[in-house]
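A.B. asks: Take a look at this one; I'll ask things after.
Please treat every number below as a calculation from the coordinates, not as lab data. Because the structure is predicted, anything quoted here is derived from the model rather than measured.
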Amino acid sequence: MIQNPQSDLAAEARLAIAEREALVAAREIVHKAVAWQGVHPHATLEELEVELLQLRQEFGQQLAQVLLEQREARQPVPGPVCAGCGHEMQYKGTKTLQPTTMLGDLTLERGYYYCPECAQGIFPPGSGVAAHPQWS
Ligand SMILES: [Zn+2]
């Protein structure tokens, strides 16, 4: 398999940025847990569990957002092929998506591609097809 050293470097750089962002999020979660402990020094085990489950949920959402946005950082060139007509789809910039996942509601900036012939738009890779005729 032929590797493109430049794109490998770019991929490594994006992963390094994602790791830094994830560590910042993790540190913030730990900070919140410690601050909560400071405010609730006599909380019950159950109250502590509730707080930590909430923070775990929050961290899972943040980690998912960081990792998904890291994938989105590369814009496929050329655009993906329309499943309807086979023509190349047009890049229309990024759009904010708020998918509901097993980790909770996420907020993602995703690249959006649109086929004017079929009035179909997609958010590659793999978040389904959405019709947005107003984006033409
Ligand atoms: Zn099409």
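A.B. asks: Suppose the chain between Tyr91 and Arg56 were pulled fully straight at 0.36 nm per residue; how much longer would it get relative to their current alpha carbon spacing?
C.D. replies: Values: separation 35, 0.36 × 35 = 12.60 nm, distance 3.54 nm.
Between Tyr91 and Arg56, full extension yields an extra 9.1 nm.
A.B. asks: Using only the alpha-carbon atoms of the stretch 5-72, report the extent along each of the three principal axes, biggest first, to the nearest angstrom.
C.D. replies: 55, 16, 12
A.B. asks: Another question about this same structure. Based on alpha-carbon positions alone, could you give the equivalent ellipsoid semi-axes of the stretch 49-123 from the gyration tensor, as √(5λ), descending, whole Å?
C.D. replies: Semi-axis lengths for the stretch 49-123 are 33, 12, 8 Å.
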